[in-house]
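Undergrad: One structure follows; several queries about it will come next.
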């Protein structure tokens, strides 16, 4: 078992509904009926990707690119999905973040990859000395870039849950 990160593309109207009733978010998140909602599961790569973008673990999220993984605002600070509350990014911020991450190429990511520092900072899931660790992060980062691009094109917000 571990902590997984799920991102969902949603309309700003849906985010407003979640802010009105966080129970609706919980119902939607655990429902098997919302298969049409575009979502991305980045497995346990979330903290590693955060490190590649910011040079720090998710516990330090002051960097402007932290929001790619942490979201920007809580939907309901009292609702806990396992690693805190669900958070969201509004459609304008999604567009702004997309403009920043779409130009990050794999060479830039590789230059940011530092297994020793990641281990020192206890970046989850602490597998960084493994020979395939960078490839694991690269695979999910490419998917994340595409996910943000599509959300920006669709003028959607993103809800992020780590559980």
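Undergrad: Can you tell me which condition residue 32 does not meet? The list is (1) closer than 12 Å to residue 162 by Cβ; (2) at pLDDT below 90, and all the others hold.
TA: (1)
Undergrad: If you don't mind, another one. Evaluate the following for residue 95: is it assigned to a loop (DSSP other than H, G, I, E, B) and touching a residue at least 40 places away in the same chain (Cβ under 8 Å)? Working first, answer last.
TA: On the way: assigned to a loop (DSSP other than H, G, I, E, B): no; touching a residue at least 40 places away in the same chain (Cβ under 8 Å): yes.
It is false that residue 95 is assigned to a loop (DSSP other than H, G, I, E, B) and touching a residue at least 40 places away in the same chain (Cβ under 8 Å).
Matching residues to (1) under 22 Å from residue 91 (Cα atoms); (2) assigned to a loop (DSSP other than H, G, I, E, B); (3) touching a strand residue (DSSP E or B) at 6+ places or on another chain (Cβ under 7 Å):
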{"position": "7", "(1), (2), (3)": "yes, no, yes"}
{"position": "13", "(1), (2), (3)": "yes, no, no"}
{"position": "26", "(1), (2), (3)": "yes, no, no"}
{"position": "29", "(1), (2), (3)": "yes, no, yes"}
{"position": "37", "(1), (2), (3)": "yes, yes, yes"}
{"position": "40", "(1), (2), (3)": "yes, no, yes"}
{"position": "49", "(1), (2), (3)": "yes, no, no"}
{"position": "53", "(1), (2), (3)": "yes, no, no"}
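Undergrad: Is it the case that some residue within the stretch 74-89 is assigned to a helix (DSSP H, G or I) and surrounded by fewer than 17 Cβ atoms within 10 Å (Cβ to Cβ)?
TA: no
Undergrad: Hey, another quick one. What number of residues in the stretch 98-109 are under 17 Å from residue 156 (Cα atoms) and either out of contact with any helix residue (DSSP H, G or I) (no Cβ under 9 Å at 6 or more places or on another chain) or not in a helix (DSSP H, G or I) (or both)?
TA: 1
Undergrad: Being more than 14 Å from residue 140 (Cβ to Cβ), in contact with a helix residue (DSSP H, G or I) (Cβ under 7 Å, 6 or more places away or on another chain), surrounded by 15 or more Cβ atoms within 10 Å (Cβ to Cβ) and at pLDDT below 95: is that true of residue 58 here?
TA: yes
Undergrad: If you go through the stretch 73-108, how many residues are closer than 17 Å to residue 147 by Cα and under 14 Å from the mean Cα position of the chain (by Cα)?
TA: 9
Undergrad: Here's another thing I want to ask about it. For residues in the stretch 129-138 being in contact (Cβ under 8 Å) with a residue 60 or more places away in the chain and surrounded by fewer than 22 Cβ atoms within 10 Å (Cβ to Cβ), which is nearest to residue 42 (Cα to Cα)?
TA: 136
Undergrad: Considering every residue within the stretch 147-163, establish whether at least one is crowded, with 16+ Cβ neighbours inside 10 Å and in a loop (DSSP other than H, G, I, E, B).
TA: Checked against the condition, which is being crowded, with 16+ Cβ neighbours inside 10 Å and in a loop (DSSP other than H, G, I, E, B), the stretch 147-163 yields at least one hit.
Undergrad: Test residue 11 against the criterion of being free of Cβ contacts under 8 Å to residues at least 12 places away in the same chain and out of contact with any helix residue (DSSP H, G or I) (no Cβ under 6 Å at 6 or more places or on another chain), and give yes or no.
TA: Details: free of Cβ contacts under 8 Å to residues at least 12 places away in the same chain: no; out of contact with any helix residue (DSSP H, G or I) (no Cβ under 6 Å at 6 or more places or on another chain): yes.
So residue 11 fails the test.
Undergrad: Step by step: first the residues of the stretch 111-144, then only those that are over 19 Å from the mean Cα position of the chain (by Cα) and assigned to a helix (DSSP H, G or I), then the one that is nearest to residue 162 (Cα to Cα). Which residue is that?
TA: Per the criteria, the residue is 119.
Undergrad: If you don't mind, another one. Go through (1) within 26 Å of residue 26 (Cα to Cα); (2) in contact (Cβ under 8 Å) with a residue 12 or more places away in the chain one by one and return the number of the condition residue 146 breaks.
TA: Status for residue 146: all satisfied but (2).
The values are calculated or read from the model by the stated rules, or taken from the named source; none is laboratory data. As the structure is a prediction and not an experimental result, all values here were calculated from the model. All Cβ positions, even for glycine, are placed from backbone atoms using ideal geometry, and neighbour counts span all protein chains on display.
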